[in-house]
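Shown next, in structure tokens, is the structure this report addresses.
Taken together, the values in this text are just the output of simple stated rules run on the coordinates, not laboratory data. What you are looking at is a predicted structure, and each value in this text was computed from that prediction instead of being measured. Glycine also receives a Cβ, built like all others from the backbone with ideal geometry; neighbour counts cover every protein chain displayed.
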Amino acid sequence: MRKHLVVICLWAALALQGQALAQPGFPKSDYPSLSLTDLAQILRPNDAQGMALGLTGAAYREGLFATYTNPAGLRLDDLTVAYSHIPAAGSFSGMLFNQEAFALGLPVSESITLGAHFFNLNLGTIELTDRFGNAVGEERIGVREAQLSGAARLGFKQSMIALGLNTKYLEIYLPGLNAHSFLVDAGMRYRLDTEKARYALAVSVSNLGEELKHGMYSLGAPIRLLRSGLSAGTVPRPEANVGVMATLEYQRSLRDEERYSRWNHLGLGVELQFLNHLYSRLGYNFDFADVSERAKIDGFTYGLGFHTPRKIKVGVPIDLSLHYGKGLTDYRQLDTNVITIALGLEL
């Protein structure tokens, strides 16, 4: 059984460094070496709005799941719980790639919000055998992350500056292998409201910190990602029947020497708002990485959203939001449906 576990762990280490993401029939060198941790954090975002708007979010997103693109976007009016689900997709060696995220957030003052997040990328199970090849059990494999977030805002007459920070514990769990690291995300956003329009400019950096390690062995690090974005749109007003918001965001790895340096991406998105509680979204991804055309991660995204126009009284006043995001491109045969639901409770 020990020998079997060693073989499994060696295979897993290779898979985590990007081999699992190459499509059959194409040379592996055609593809950016994105690990499963990067897959979970970037190509399969827990935020449906960001998925629908071209994998963006740094400049415009507010709410619990905004922290995955820019921690400065953590802003809530009430105690809020949220859930995100990416349905399973069998795509590599029978792996499921089922992903879920849970979040809890609380405004502690008018200018400070705190949040806690947990997500799990479930890759299914591995069968354990003894030295004779007899099955002796199963163990789950996957990637999970626990995160604590905080954001503060400074408001002026027509503008606002927000700063945010995530602290994260990232772990890969496999039989005989438990690699983990502590990481930090930081972000800033500036927003300006005029009489008719709202503009925002933001920058964030993800995954500052140590490499994933198992004992004395290193499995590499998630992408140290820079996001820089801007957005422009109408100012939300109760009497407005239709609104619009457009966003543009550039992303790239900060370390050219790392094996994931070929992530180089531009996302565009447009959101139409109806009656201030119905949303239609369309986006497009541009992949500037130095890879072959057949390996490009680009194409359209789209999505829909809804939140209650006013609080519903169920014991305590609550508001509900539901969003869906979908990528039309085939991200290396991986499913990209994202569904999120958030529930706010006025205490």
Sites Leu79 and Met216, calculated FRET efficiency, Cβ-Cβ separation with R0 30 Å, nearest 0.05: 0.10
In order through the range 233-247: 3J(HN,Hα) via Karplus (6.51 cos²θ - 1.76 cosθ + 1.60), integer Hz, x for Gly, Pro: x, 6, 7, x, 9, x, 8, 6, 8, 9, x, 9, 9, 10, 9
Long pairs among Lys196/Lys311; Lys213/Lys326; Lys157/Lys326, criterion Cα-Cα beyond 30 Å: Lys213/Lys326; Lys157/Lys326
Alpha-carbon centroid distance for the pair the range 98-123 / the range 130-207, whole angstrom: 9 Å
Centre separation in Å (Cα based) which lies between the range 52-74 and the range 279-310: 14 Å
Extension gain, Tyr169 back to Leu192 (0.36 nm per residue minus Cα-Cα distance, nm): 4.9 nm
Table column - 3J(HN,Hα) (Hz), the range 266-271, Karplus curve with 6.51, -1.76, 1.60, x for Gly and Pro: 10, x, 10, x, 10, 10
Net lengthening on full extension, Leu347/Asn264 (0.36 nm per residue, minus Cα-Cα): 25.5 nm
